[in-house]
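These notes are about the structure you will find just below.
Quick note: the coordinates plus some simple rules give every number you see, no bench work behind them. Remember, predicted model here, so these are calculated numbers, not experimental data. Cβ sites come from the backbone with ideal geometry, for glycine too, and all protein chains shown count toward neighbours.
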Amino acid sequence: MLEPATSTKKRPEFRNINAFTDLPAYRLPLAGIVSILHRISGAIMFLLLPFTLWMFDTSLSSDISFAKFKGAFNVGMLGLPGVLWKLAALALIWAYLHHSIAGLRHLWSDTHHSAVTKEFGKTSALVTMVLSVGLTVVLGAKLFGLY
């Protein structure tokens, strides 16, 4: 016998996510933030690859080119002050450190399937953030001449 249509369970309703109303209220776990930052750091390294190659070439070519390299960070170059060049280098430092540490985290979780738990995800994400930000602060202090 057929049941009446009024007693059927209502199926869940899936709708599109509105970026302005839904996303600000959504709380992404730390592991998700680290994963997104891993992708962003890879994109930063890719986009700053010409800058990296310029730094490598200019710093190693000759004594004159090395002086030009130092001048770009101290005085500036191409109409941009030296602080902006240092900030670009600092972004590259953070991207390299974060991408490397998060990559090691991903490799560990890929090779040790039985050791991966929700607690490990939280702990390893926290370690990744602390190490990448901490090392960036230390190397940034050196870059800006604080020691």
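Numerical summary
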{"quantity": "Projected-area average for the chain over all orientations - Cα convex hull basis, square nanometres", "calculated": "16.4"}
{"quantity": "Additional length obtainable on full extension of the chain from LEU90 to ILE33, 0.36 nm per residue less Cα span", "calculated": "18.5 nm"}
{"quantity": "Student exercise, the chain dipole from Lys, Arg, Asp, Glu Cβ charges, in Debye to nearest 20", "calculated": "280"}
{"quantity": "Built amide H within the under 5 Å cut-off of PHE144, gap 5+", "calculated": "none"}
{"quantity": "The range 75-85 - phi-based ³J(HN,Hα) in whole Hz, Karplus 6.51/-1.76/1.60, Gly and Pro as x", "calculated": "9, x, 7, 6, x, 9, x, x, 4, 5, 5"}
{"quantity": "Gained length - VAL75 relative to PHE46, 0.36 nm times residue gap less alpha-carbon distance", "calculated": "7.8 nm"}
{"quantity": "Surface/4 of the Cα convex hull for the range 1-77, nm²", "calculated": "11.3"}
{"quantity": "Which of ALA43, LEU92, VAL138, positive extreme of dipole for the range 29-143 (C-beta unit charges)", "calculated": "VAL138"}
{"quantity": "Rounded FRET efficiency, nearest 0.05, which uses the C-beta distance separating PHE20 from SER59 and R0 of 41 Å", "calculated": "0.35"}
{"quantity": "Loop sites in the range 1-97: trypsin sites (Lys or Arg not before Pro), DSSP, at most 10 other Cβ within 10 Å", "calculated": "LYS9, LYS10, ARG15, ARG27"}
{"quantity": "Within the chain, helix-based [θ] at 222 nm, where runs of 4 or more DSSP H residues each add -39,500 (n - 2.57), nearest 500", "calculated": "-23000 deg cm²/dmol"}
